[in-house]
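A quick write-up on the structure given underneath.
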Amino acid sequence: MQHLLNTFVREHGVVAAWEDVMMPTLHAVGRKWQSSGDRYVEVEHLLSWHVSTALRSAPLLRPCPQPPPEAAPVLLACLPDEQHTLPIEALDAALRERGTATRMLGGAVPAEALTAAVRRTGPRAVVLWSQTRSTADSPLARHLADTRWGVRGARRGPVVLVAGPGWGHRALPGLPRPRELGEALTMLSRTGTSAAHARRSDEH
């Protein structure tokens, strides 16, 4: 299984591997588990482990450009109590494949730790993943979007993207919500362009 996943990532890239192979297979195994009285949960765990391994190995499987040392990263994290990490791992791998600096914090990151990480790393964007409604936290997302750092007169803050089905279907003003991997990549590429323009303006 690992060989097959690694081969697909190497030959077709992270986005195609996630959208055409990994995600459909995970959904199929999940449906099998739900329809069989909780049987085969070990199969889902096994598959998830190998998918995660392939995603984290993507920079070793394909040549990836290195981000500039001074590049502000994209910070990725699951909200407090959210343990489903695979979709945000896929986004992290796809960003790194494109030479984007990232900081992946993983599952169930406490609110205080998220705020501290934003202040410490100065990210150009933050992506918050929520799989279920019980973990979606709009006040926390807005708090992070309002967080600022830097010297007075040139303070900056991140763009905060809210991703995952836990956010429901309603729009959250000021908080972009990508619906799929490709859309998230497009949104984040725009934040990179905006950040570059801001840096040049500060220099002048």
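Pairs please, first residue from the stretch 22-47 and within 21 Å of THR7 (Cα to Cα), second anywhere and part of a helix (DSSP H, G or I) and open to solvent by 70 Å² or more (accessible area, probe 1.4 Å), Cβ atoms under 7 Å, 6+ apart in sequence or on different chains.
Partner pairs satisfying both residue conditions: GLU44/TRP33.
Among residues belonging to the stretch 33-53 that are out of contact with any helix residue (DSSP H, G or I) (no Cβ under 8 Å at 6 or more places or on another chain) and polar (S, T, N, Q), point out the one that is most open to solvent (accessible area, probe 1.4 Å).
My answer is GLN34.
Can you name the condition, by its number, that ARG179 falls short on among (1) at pLDDT 95 or above; (2) of a type outside the set (Phe, Trp, Tyr); (3) in a loop (DSSP other than H, G, I, E, B)?
With respect to (1) at pLDDT 95 or above; (2) of a type outside the set (Phe, Trp, Tyr); (3) in a loop (DSSP other than H, G, I, E, B), ARG179 is out only on (1).
Please work out if LEU105 is under 17 Å from TRP18 (Cβ atoms) and touching a helix residue (DSSP H, G or I) at 6+ places or on another chain (Cβ under 8 Å).
When the stated conditions are applied, LEU105 does not pass them.
State whether one or more residues within the stretch 143-157 are of a type in the set (Val, Ile, Thr), at pLDDT below 90 and over 18 Å from the mean Cα position of the chain (by Cα).
Looking through the stretch 143-157, at least one residue is of a type in the set (Val, Ile, Thr), at pLDDT below 90 and over 18 Å from the mean Cα position of the chain (by Cα).
The values are calculated or read from the model by the stated rules, or taken from the named source; none is laboratory data. Everything quoted here is computed from the prediction, not taken from an experiment. Neighbour counts run over all protein chains shown; Cβ positions are idealised from the backbone, glycine included. Keep in mind that these areas ignore ligands, DNA and RNA; they rest on the heavy atoms of the full protein, side chains included. Shrake-Rupley method; radii C 1.70, N 1.55, O 1.52, S 1.80 Å.
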